Every structure is written in structure tokens, then in C-alpha cells.
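Student: My questions will all concern the structure given below.
FYI, it's all coordinate maths here, none of it is from the lab. Only a predicted model underlies this, so the values are computations on that prediction, with no experimental measurement involved. Note: ideal-geometry Cβ built from the backbone for every residue, glycine included; neighbour counts use all protein chains shown.
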Amino acid sequence: MHYAQVFLCDIANGPGCRTSLFVSGCTHHCKGCFNEIAWDFNYGKEFDQKVMDQLIEDSRLPYIDGFTFLGGEPMECVNQKTLRPFIERIRRELPDKTIWIYSGYTFEELMDPTNPRCHSEDTEPILRMSDVLVDGRFELEKKDITLRFRGSSNQRVISLPETFRKKEVVLSRYGERE
């Protein structure tokens, strides 16, 4: 897997101060995408052990609230293969940090075992280890700058622990307007 960039102390992509990893590769190609350069799966740098170690170390600081994975598309199956062991490591070494994932795929698409575009053996474990999923493709016609942590009104901010507990999509309080 490649990544386009890392933001340390990011305050735009989830609550608090976060480590945000923009992965490379996306097949959605949403009109008006803010990060079109990251559509290419080979763009940027390789996400290797050295990068993982550095992100874990940098995120130990007490003012870092968690990690956000976005892109590109972190939930492309090829990216899930690399993200799953990294997220497992975060849960082991930094259990108090929250994990947010931004995906153009909806929760329902991700959980559909017949959807080879985004469902793999890594999908559900990744989602179960994560706290929030911001789902749905960016739709330029529904762009709304008053929304918190999302770009268009079709996108949802989902509480994953509550969704799995209740067996239905539960929206997070973070998705409410300012």
C-alpha cells in the first residue's frame, strides 16, 4: 500500500487532535474530490514498517486523540490488507486512541459479502476495531460546508460500536451540524 500524506495534529478529520493517514488508491473517482491525486494506487510513498513505527511513536503523545484513515480509499480491498494489521497494532499498543475511517463505500456495501469491490476477510474486523465510519461517496451536488466531518449531505457519521451492538446503523453525535 502507498500513502499520499500524513497529518500529525490534524483537527479537521475527527474530534480532537489526530494522526491522519491519507492512503493512495481509489476507484470511486467522485466529481469534485478534494484529493484526486490520491486516486492512483501507486501515488506517494510506500507504507512500510518504518512508517508504521513512526506513526505509533508520534501518536503516543497524550494530546493525540486518535487515528483517522482516509484517502484515496482506505476500504479498497488491497488497502485493507495493510491497514488491518496496523489497526490491530494500534488497538494493542494505543488502546485509548479512537479510530475513524472515511470511506466512499457505505456501511451496507462494506458488510455485503457478495461485494468483491470492498468486502474481504479484513473488512468486518477493521470496522469492529474502529469507532466511527464516515461513509458514502462525496456528491458535489450535495456539498454542504456546514456539516461536521463530512463533505456532502448523503454521507453519514456512524458509531460503529453501537451499530454492531444494535445490529442497525446508528449515527454518531459527531455528525450533527455545528
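Student: How big is the dipole moment of the stretch 2-175 about its Cα centre under a simple scheme where the beta carbon of each Lys and Arg is +1, that of each Asp and Glu is -1, and everything else is neutral? Debye, nearest 20, please.
Tutor: Using Cβ point charges on Lys, Arg, Asp and Glu, the stretch 2-175 gives about 380 debye.
Student: Picking from 5, 32, 129, whose Cα lies most toward the positive end of the charge dipole for the chain (charges on Cβ: Lys, Arg +1; Asp, Glu -1)?
Tutor: The Cα lying farthest towards the positive end belongs to 129.
Student: A further question follows. Treating only the Cβ of Lys, Arg, Asp and Glu as charged (+1, +1, -1, -1), what charge dipole size does the stretch 77-178 show about its Cα centre? Round to the nearest 20 debye.
Tutor: 200
Student: Continuing with the same structure: Label residue 58 and residue 139 with points 7 Å out from Cα along Cα→Cβ: what is the distance between them in nm?
Tutor: Calculated label separation equals 3.5 nm.
Student: Of 42, 103, 85, which is farthest on the positive side of the dipole of the stretch 26-157, counting Cα position, with +1 on Lys and Arg Cβ, -1 on Asp and Glu Cβ, and the Cα centre as origin?
Tutor: 103
Student: Also: By counting other Cβ atoms within 10 Å of each Cβ, how are 56, 90 ranked from fewest to most?
Tutor: Taking fewest neighbouring Cβ atoms as first place, the list is 56, 90.
Student: At what distance in nm do the modelled label points of residue 153 and residue 9 sit from each other, each positioned 7 Å from its Cα along Cα→Cβ?
Tutor: 3.7
Student: Let me ask you something else. How would you classify the chain from its alpha-carbon gyration tensor, with a ≥ b ≥ c the square roots of the eigenvalues: rounded for a/c under 1.5, else prolate if a/b is greater than b/c, otherwise oblate?
Tutor: Note, shape of the chain comes out rounded.
Student: Which chymotrypsin sites (Phe, Trp or Tyr not before Pro) in the stretch 63-99 pass both tests, a DSSP loop state and at most 15 other beta-carbon atoms within 10 Å?
Tutor: In loop regions of the stretch 63-99 (DSSP not H, G, I, E or B), the sparsely surrounded chymotrypsin sites (Phe, Trp or Tyr not before Pro) are 63.
Student: Name the residues whose placed amide hydrogens come within less than 5 Å of the amide hydrogen of residue 105, ignoring near sequence neighbours (fewer than 5 apart) on the same chain.
Tutor: Residues meeting the amide H criterion: 136.
Student: Number of Lys pairs in the stretch 2-175 with C-alpha atoms less than 18 angstrom apart, excluding same-chain neighbours closer than eight positions?
Tutor: Summing the qualifying lysine pairs gives 4.
Student: Related question: Taking the chain as a Gaussian network, where each spring joins two C-alpha atoms under 10 Å apart, which residue of 145, 126, 158 fluctuates the most?
Tutor: 145
Student: To continue, here is another question. Work through the residues other than residue 142 whose Cβ is under 13 Å from its Cβ and net out their charges, Lys, Arg +1 and Asp, Glu -1.
Tutor: +2
Student: Ranked by Cβ crowding within 10 angstrom, fewest neighbours first, how are 123, 98 ordered?
Tutor: 98, 123
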